[in-house]
1. Based on the mean of other beta carbon atoms within 10 Å per residue, what is the order of C:57-64, A:171-178, most packed first?
2. Please give the average number of partner chain Cβ atoms lying within 10 Å of the Cβ of each residue in A:189-196, rounded to a whole number.
3. When A:H227, A:H90, A:H118 are ordered from fewest to most other Cβ atoms inside 10 Å of their Cβ, what list results?
4. Can you give me the relative contact order of chain A as a percent, contacts being Cα pairs under 8 Å and 6 or more apart?
5. Across peptide C:80-93, what mean number of C-beta atoms from other chains lies inside 10 Å of a residue's C-beta?
6. Excluding residues fewer than 8 places away in the same chain, name every one of the lysines whose C-alpha is closer than 16 Å to that of A:K361.
7. Okay, helix-only estimate at 222 nm for chain A: each DSSP H run of n ≥ 4 adds -39500 (n - 2.57), divide by all residues, round to 500 deg cm²/dmol; what do you get?
8. Percentage of Cα-Cα pair distances in the protein assembly as shown greater than 44 Å, rounded to whole percent?
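Readers should treat all values here as calculations from the given coordinates under stated rules, not as data from a laboratory. All figures in this text were calculated on a predicted structure; none of them were measured in a lab. Please note: Cβ atoms are built from the backbone with ideal geometry, for glycine as well, and neighbour counts cover all protein chains shown.
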Amino acid sequence: MEKWEVMVGNKAVAYAAKLARVKYIPSFPITPQTTIVQYLADMIANGELDAEYVTVEGELTAQASALTAAAAGVRSFTATSGPGLLYMHHPMHATSGARLPVVMAVIHRSVKGMQPDHSDMMAQRDTSWMMFECENSQELLDTGIMCFKIAEDERVRLPAIFAGDGYILSYTAEPVELPPQEEVDAFLPPYKPSIPLLPEQAEEMRMWMLRSWGFGRDPQDAWKVQHDAMEAAKTVIKEVNEEYGKWFSRRYGNGLVEEYMCDGAEAVIIAMGTIASTARVAIRNLQKRGEPVGLVKLKSFKPFPAEEFRRIGPQVKAMGVVDRNISCGTGGIVFGNVRDSMYDLEERPRTLQFHTGMRGKEVKVMDIERIAEKTLRAARGEKVAPLVEWV
Amino acid sequence: MDATRIAMETLGRPITNTAILGAFAKVTGMVSLESLERAVLGQWPGKIGEVNVRAVRRAYEEANDPVDVSGVEGIKVKRLSFLDRDVSSWRIFRPEIDAEKCVGCRRCYIFCPEVAISMAEGKAVINYQYCKGCGICYEECPAKAISFEEEAI
Amino acid sequence: MSKPFPLTRLGDEEFIDPANQACQGCAGSIVARIVSKALGPNIVRQEVACCGPAFGNIRAPSIYAEIFEGAGAMMTGLSRGLKRRGREDITVVGIIGDGGTVDIGFQGLSAAAERNEDFIWIVYDNEAYMNTGGQRSSATTKYAYTTTTPVGEISRGKPERKKNVPLLVAAHNVPYVATASVSFPEDLIGKLRYAQGLKGFRFIHISAPCPTGWGFNPKDTIKVGREMVLSGLAPLRGRRRQDPEAHLQAEGAEARQGGPEDAGQVPPRHRPRGRGDPGGCHGVLGAPHIKGRRPPLLTPITNLFRSNT
């Protein structure tokens with residue numbers, strides 16, 4: 001039985017946690033995520049969700065307690081933004097280090113203000129968390145549910161972030177379809193505790209501790225197993241995306257990237273999150289004018305789908321990467337990852353870098369059209385300048 | 001060269017660092033005795049420096065002359081890990097319980113940081129594999145039933 | 001209130017591995033041994049970065065994370081998660097150092113106390129950040145030498161007084177706050193078992209002298225601890241919150257059986273008398289037991305936990 005509701009993005013996130021039957025929710029407010037934890041409080045107060053709801057005193061406690069609750073054996077979820085995400089950086093490493101599948105919603109807020117950009121999530125780039133970007137509220141809900149399944153998969157067991165741009169998604173209302181609870185229950189199996197933390201498991205726990213401290217092994221192994229899990233996650237993400245599509249008739253590209261109007265394209269632009277949503281309109285406009293530019297929407301930022309870009313790269317002559325972030329002193333982070341993935345190809349496209357949308361700067365359709373046109377000209381051999389452009 | 005004994009006799013404590021430095025200077029010849037003594041006095045002026053200089057000198061005298069070890073086969077040293085739970089090598093002093101005097105009050109039993117003391121038929125018994133020789137049992141025994149002497153190596 | 005527990009009633013079973021990596025004469029090791037004996041095997045522990053992992057050879061499982069500031073947070077998650085898993089019989093306990101309690105961990109401590117999270121917070125107080133070599137903490141006694149408050153020509157030791165942690169925790173009106181000493185094991189075991197029979201936030205502050213950091217012969221650890229108590233620097237106190245509705249009753253004290261001694265022995269139950277359980281204060285200085293009307297909160301606490309350091 002389908003159920004449609006017009007709701008803001010934050011409510012869709014709350015529904016994702018509810019449908020996933022999370023059992024431990026530490027809550028702390030920060031704009032623009034605050035209403036997520038408020039919706040969850042309402043759901044619990046009305047008996048719609050049965051979970052431990054703890055109003056903690058700060059995001060560090062939210063993350064640290066989510067990790068021990070996951071270790072104790074229950075499904076844990078929290079939500080944060082911007083500075084709150086920075087504040088929980090320290091325990092985030094422990095969560096991934098202990099291979100605990102905590103799922104967290106990040107509603108993007110710049111580290112330089114209240115308005116959205118991806119700098120908050122990028123600052124956590126190397127914490128070994130999986131990171132997924134969403135372009136609308138439906139995708140927030142669907143990705144949230146998928147995250148639990150991906151993170152809890154035996155081959156992965158890494159925590160996951162699913163993210164959406166603040167204000168643009170969090171406080172804007174769209175129609176969202178709610179999958180029925182019974183079907184989500186069938187899709188998402190119950191949480192399985194992975195750490196032998198009960199008193200009767202004391203011997204097993206001792207062995208677990210020694211293994212996790214790397215006794216008898218190469219000290220680098222602790223990092224290698226996490227990296228291997230991230231690589232394995234790519235397969236799992238594709239599987240879960242496919243399965244979700246079978247259950248709920250919605251899939252998002254192949255789970256890692258989505259190619260939009262790329263057939264016969266001479267150039268593509270690459271974007272994450274709501275910029276991709278705006279870009280679809282721009283691309284349609286260009287295609288109508290006979291300009292063969294496509295859009296590659298990057299959904300999985302971490303693990304970075306290098307293989308996808310190695311496949312797409314030889315098919316086009318230029319790629320324009322739109323970064324809603326910057327690593328000062330280096331450049332756009334997605335741009336760097338894209339170029340890096342294609343370096344060893346025999347035939348590789350030209351790559352152009354664009355920065356836009358930072359600190360909430362409005363991204364208009366015509367901005368993207370300009371970006372796409374410039375990329376197309378580069379594809380056709382024109383000398384375009386500058387190669388790095390702030391839009 | 002018995003650094004522990006030299007330290008006990010010069011410093012009154014089993015702190016062997018300066019004695020070992022004296023032996024190191026002799027065996028390797030990398031630093032002269034005078035430089036070492038100057039450094040020690042610079043680090044600890046006054047009485048402490050003087051007794052440490054004495055430790056350095058005695059160790060220097062008692063240590064062997066440098067020996068050619070190029071032909072000697074390597075010795076296999078057993079690598080101890082904390083999993084073995086053997087801390088007996090930490091001891092300088094060794095507690096011994098006189099069972100006749102022991103009244104079974106359990107104070108040494110509860111105060112031993114290493115769980116080295118257990119009760120057997122109402123008397124306290126020390127497991128020397130686990131004993132670090134801290135001396136708490138000796139100090140706390142109300143019946144003065146525990147002796148605490150320097151351990152023969 | 002808690003009663004001293006005779007050593008002769010302690011069972012022989014050990015819940016801790018012998019011979020750890022801590023210094024000779026480490027009071028923390030003694031604390032760990034006493035805690036494991038008093039609370040028994042049905043516990044889950046939290047460990048953070050401090051001397052704890054060095055002597056942390058208690059066999060019961062523990063979750064260790066280097067999140068030094070997160071002891072309160074992590075024990076919150078542990079106890080809530082285990083409760084959700086239907087295992088409220090398990091006692092969640094953390095043996096945390098003074099740094100992780102009164103300094104970097106203070107936010108977590110205060111918040112967990114305020115939320116009345118269900119676990120026992122045991123702080124072994126060696127009065128400095130000993131695991132990193134003995135730097136000053138706010139629990140360091142005034143004038144004490146530490147590596148960051150050394151004694152020299154111009155300044156001599158720590159200028160500030162010792163932070164009165166039991167008073168601060170008691171001001172959150174938690175179910176149970178007690179001070180204890182490693183040198184008084186009967187009192188400490190009694191308090192631990194008493195705490196295990198209660199619910200909610202319980203805090204036990206144990207004075208634990210450190211031979212390495214304080215510079216005394218390891219054999220004197222217990223002696224120094226005793227002097228700390230008898231001189232008034234670390235007096236032994238206990239306070240249980242008044243609770244008219246007796247929320248503090250353990251649901252089935254058998255489920256929270258403390259200690260492995262004679263079969264059937266359970267910690268004392270706390271029954272309401274007349275108009276609800278008036279709570280109680282006791283201590284070495286014997287603050288008066290207050291019957292009948294609900295007493296004001298702060299005056300008895302400040303009287304009971306007034307500081308001599």
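1. Details: C:57-64: 22.4, A:171-178: 15.2.
Answer by packing, highest mean first, reads C:57-64, A:171-178.
2. Values: counts 0, 0, 1, 0, 2, 0, 2, 1.
Partner Cβ neighbours, averaged per residue: 1.
3. Values: A:H227 11, A:H90 18, A:H118 28.
If I rank by nearby Cβ atoms, fewest first, I get A:H227, A:H90, A:H118.
4. Working: 825 pairs, mean separation 63.0, N = 391.
In percent, rounded to a whole number, it is 16.
5. Numbers: counts 14, 17, 8, 6, 11, 9, 1, 5, 0, 1, 5, 1, 2, 0.
Mean partner shielding for this stretch: 6.
6. A:K112
7. Details: 14 runs with 165 residues, N = 391.
Value at 222 nm, helices only: -13000 deg cm²/dmol.
8. 42 percent
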